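Below is one structure. I have some questions about it.
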Number of protein chains: 2
Amino acid sequence: MNIRSEEIQTGAHACVSCRNCALKPLCLPGHLPVQEARALESAVERGRQLAPGMALVRAGASMDALLVVRSGSAKRFSVTLEGTEQVHGFVLPGEAVGLEGFATGRYGCEVNALEPLSYCRVPMHKLEQLLERLPGLRREMLRLLGQALDEALRLRGELAETDARGRVARFLADLSERLARRGFPPYDFRLSMSRADIARHLGLTLETVSRAFGTFKREGWLRVRARDISVLRPDALAALAGAPNCA
Amino acid sequence: MNIRSEEIQTGAHACVSCRNCALKPLCLPGHLPVQEARALESAVERGRQLAPGMALVRAGASMDALLVVRSGSAKRFSVTLEGTEQVHGFVLPGEAVGLEGFATGRYGCEVNALEPLSYCRVPMHKLEQLLERLPGLRREMLRLLGQALDEALRLRGELAETDARGRVARFLADLSERLARRGFPPYDFRLSMSRADIARHLGLTLETVSRAFGTFKREGWLRVRARDISVLRPDALAALAGAPNCA
DNA sequence: CCTGTAATTTGATCCGGATCAATAAGTGAT
DNA sequence: ATCACTTATTGATCCGGATCAAATTACAGG
């Protein structure tokens, strides 16, 4: 997906500039008054780079920090008793990770890097201190969780009432839109996840996902070369995906 | 579902005793230190009783209070562009409602009473004041949202990988367990929602839900008389439902 | 209690997506 | 480049659940 932060990798630990971060408008500080953003910034640490396949979060591990992906992409999933993966979704830069951990203080699912990944972290004890004195941050945390919840509900609803091609179309449309908001070309990207990952995310088999790609290609809506995707007819995809539910 | 609070309906507005509420251990105050629970209590108002079919929450309406169902049950749903209902789930006493509203300040979905329903409300401005000085409540709100998120993720995962009878089995097992935690008989209850509601919740048709009930009845796991359900073999249901995913 | 209407069950058929199977295209290491 | 291996495409068949269609059972209102 060619996702890379434009900042220079410093290696420093607690020296992060949210101010100059390209992701600021998508991230927590983008919704905070200036002085609150400053205060938050001082609590943010930079996590070290992770290689593809490495775990950013392990299910059951103590939630000791709030994590936000800075560059790269990741896969959120749970491992079922049968040992299969339940893929909850994919994480792009500026998105927080492991929020379900607030439920118990331990993460509820796994998050693995799909590409070289860097991230920011706010240690929990610092977060709690900040929440004590920053009303904007309090609101922002609730907003963030509310948004994640809303998203999860929407995704579930879609699973329940959309057919295979519709799900794949929406997956692509959604990805496209999220890339666009991050300043990446929305109609020309490389998928960082396998067909199997997409399939497990959408409650389909990888064959069905592959066939959906094939159909879109044949219709002239998409150009597919393995994981390189070009969207030629975003309107057609959006139409098939169906509009997000209203009301 | 025969859900009724044991408290006498007072009609008073801001005179609620969380202390003596049967739902306390399931509700917000149950997780707070005593003096924080007191402070919260003083901000809680009693909502007026709603008749079946009435809306507790309308999608798009301004989220002016945190709502918790006190007695009765409700249906959470969204209305799609085609006018169909996407049923997100069902609400039992002690459960908060409309939490996705934190995302935007407006509720994201509808909540309708399925039975005569009463509820408690904490006005948003009072909630914000309390959050300023109650660290336990801050943690509790994050926990509540984290839990809702975790729940939504789990439900989505199940949709993606469980077949029709498994979904119905899990629906019943889940309901049974939630009733038990509220002190209701877990193996003998009346469903407050229609087959169609269950179907839309599980991403099935009402015929398929009905057939699943039929199968369970024939197997001797269930006694079904319209909406009256007796669970005869909870173990069998739980087995079919499959264990919740681990890790 | 009866009656009309809505909710539920049951039956018959059909189709989308799963499954099984084989081929083809990437990808990384030597 | 070549080889070994993983990932993706394509094909054939099968089955679970959707859809269409009655028949039956609850239930609210008179």
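The values are calculated or read from the model by the stated rules, or taken from the named source; none is laboratory data. Computed from a predicted structure; not experimentally measured. Here the Cβ positions follow ideal geometry from the backbone for every residue, glycine too, while neighbour counts run over all protein chains shown. To get the accessible areas, we keep the full protein, side chains included, count just its heavy atoms, and leave off ligands, DNA and RNA. Shrake-Rupley method; radii C 1.70, N 1.55, O 1.52, S 1.80 Å.
Leaving out same-chain residues fewer than 8 places away, which aspartates and glutamates sit with a Cα under 14 Å from that of B:Lys75?
Those aspartates and glutamates meeting the cut-off are B:Glu85, B:Glu95, B:Glu110, B:Glu115, B:Asp197.
In chain B, what percent of the accessible surface is made up of carbon and sulfur (1.4 Å probe, ligands and nucleic acids excluded)?
Working: 5440 of 10600 Å².
The value for chain B is 51 percent carbon and sulfur by accessible area.
Based on Cα coordinates alone, diagonalise the gyration tensor for chain B, multiply each eigenvalue by 5, take square roots, and list the semi-axes in whole Å, largest first.
Here the semi-axes work out to 32, 19, 18 Å.
Can I ask one more? For the pair B and A, how large is the buried accessible area, both sides, in square angstrom to the nearest 100, if the probe is 1.4 Å? Walk me through the intermediate numbers first.
On the way: alone 12760 and 12780 Å², together 21230 Å².
Roughly 4300 Å².
Another question about this same structure. Give me the accessible area of A:Leu191, 1.4 Å probe, in Å² rounded to the nearest 10.
A:Leu191 exposes around 0 Å² with every protein chain in place.
Shifting gears a bit: Take every Cα-Cα pair in the stretch B:74-134 and report what % of them are more than 13 Å apart.
70
Next question. If you wrap the protein assembly as shown's Cα atoms in a convex hull and average its projection over all directions, what's the area in nm²?
22.7
Between copies, how close do the A:Ser17 label points come, placed 7 Å along Cα→Cβ, listed in nm from shortest?
6.1
Note down the relative contact order for chain A as a percent, whole number, built from C-alpha pairs under 8 angstrom at least six residues apart.
19
Just how large is the dipole of the protein assembly as shown about the Cα centre, in debye to the nearest 20, putting +1 at every Lys and Arg Cβ and -1 at every Asp and Glu Cβ?
Taking the Cα centre of the protein assembly as shown as origin, the dipole is about 140 debye.
List the aspartates and glutamates whose Cα sits under 19 Å from the Cα of A:Lys217, skipping any in the same chain fewer than 8 residues away.
A:Asp163, A:Asp174, A:Asp188, A:Glu207, A:Asp228, A:Asp235
OK, next. For n ≥ 4 DSSP H runs only, could you compute -39500 (n - 2.57) per run for chain A, divide by its residues and tell me the 222 nm figure to the nearest 500?
Helix contribution divided over all residues of chain A: -12000 deg cm²/dmol.
Hey, what did the stretch B:162-241 get for relative contact order, percent, Cα under 8 Å, at least 6 apart?
40
Turning to a different aspect of this structure: Give a residue-ordered list of calculated ³J(HN,Hα) values for the stretch A:208-225 (Karplus: 6.51 cos²θ - 1.76 cosθ + 1.60, θ = phi - 60°; whole Hz; x for Gly, Pro).
Computed from phi, the couplings for the stretch A:208-225 are 5, 4, 4, 5, 4, 4, x, 4, 4, 5, 4, 6, x, 8, 9, 10, 10, 10 Hz.
I've got another one for you. When each copy gets a label point 7 Å from Cα toward the beta-carbon at B:Leu206, what are the spacings between them in nm, shortest first?
4.1
Give the nm distances, rounded to one decimal, from B:Arg181 to the matching residue in every other copy, measuring between label points 7 Å along Cα toward the beta carbon; shortest first.
Those label-point separations list as 3.1 nm.
Here is a follow-up. How long is the gain from B:Arg143 to B:Arg233 if the chain were fully straight, where each residue apart is worth 0.36 nm and the alpha carbon distance is subtracted? Please report the intermediate quantities before stating the final value.
On the way: separation 90, 0.36 × 90 = 32.40 nm, distance 3.35 nm.
The span from B:Arg143 to B:Arg233 would gain 29.1 nm if fully extended.
Sticking with this one: With only Lys, Arg, Asp and Glu charged, each at its Cβ (+1 for the first two, -1 for the last two), find how big the charge dipole of chain A is about the Cα centre; round to the nearest 20 debye.
Magnitude of the dipole: close to 420 debye.
What residues in the stretch B:112-134 lose 10 Å² or more of accessible surface when the other protein chains are added to their chain alone (1.4 Å probe)?
The answer is B:Glu128, B:Leu131, B:Glu132 - residues whose exposure falls by at least 10 Å² when every protein chain is included.
While we're on this one: In degrees, nearest 10, range 0 to 90: what is the angle between the Cα axis of helix B:164-181 and the longest Cα principal axis of chain B?
Tilt of helix B:164-181: around 40 degrees.
At 7 Å along the Cα-to-beta-carbon direction for both A:Arg225 and B:Glu128, put a label point, then send me their distance in nm to one decimal.
5.3
Can you give me the accessible area per residue for the protein assembly as shown, using a 1.4 Å probe, in Å²?
On the way: 21230 Å² over 494 residues.
In whole numbers, the protein assembly as shown has 43 Å² accessible per residue.
Could you go through the stretch B:193-200 in sequence order and give the Karplus-derived ³J(HN,Hα) for each residue, using 6.51 cos²θ - 1.76 cosθ + 1.60 with θ = phi - 60°, rounded to whole Hz, and x for Gly and Pro?
Residue by residue, the stretch B:193-200 yields 10, 6, 4, 5, 5, 4, 4, 5 Hz.
Each label point is 7 Å from the Cα along the Cα-to-Cβ direction; what then is the distance between the points at B:Met54 and A:Val79, in nm?
5.0
Mean shadow of the stretch A:24-151, computed from the convex hull of its alpha carbons, in nm²?
7.5
How big is D, in µm² s⁻¹, for the stretch B:162-241 by Stokes-Einstein at 10 °C and 1.306 mPa s if Rh is the Kirkwood radius over C-alpha pairs?
Numbers: Rh = 12.3 Å.
The Stokes-Einstein estimate is 129 µm²/s.
Among the residues of the stretch A:88-102, which ones have their accessible area go down by 20 Å² or more when all the protein chains sit together, as opposed to their chain alone (1.4 Å probe)?
Buried on complex formation: A:His88, A:Glu100, A:Phe102.
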